[in-house]
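Nothing in this text is a laboratory measurement; each read-out follows from the coordinates by a stated rule. Only a predicted model underlies this, so the values are computations on that prediction, with no experimental measurement involved. Cβ placement follows ideal geometry from the backbone for every residue including glycine, while neighbour counts extend to all protein chains displayed.
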Amino acid sequence: MVKKNMNKKELRKLSHETDATIWVGKEGVEKVIEELKGQLRERKVVKVKLLQSSRGEKSTEELASILAERSGAKMYETIGNTAIFVR
């Protein structure tokens, strides 16, 4: 069971232990919005891998921000091509 209010250290540990469960490809972030919403209902942290084909001219941070805004999720951080979202 995950605590409702986690401190930064606990959240960082949990995000480090979590594998990416969503991959965004050439079809873009629109195709994974509902999947992200569903996974966040089930778990506290979701990692999303943004493949190079999804990025085009945009950065990982830009795409992660769009995904967060459209899904209602909170973007915790981005590391390389991976974005970490929390509910």
Residue in the range 62-82 that is of a type in the set (Ser, Thr, Tyr) and either loosely packed, with under 13 Cβ neighbours inside 10 Å or at positive phi (or both) present: no
Failed condition for residue 68, given (1) without any contact (Cβ under 8 Å) to a residue 12 or more places away in the chain; (2) of a type in the set (Gly, Ala, Ser); (3) within 16 Å of residue 87 (Cβ to Cβ): (1)
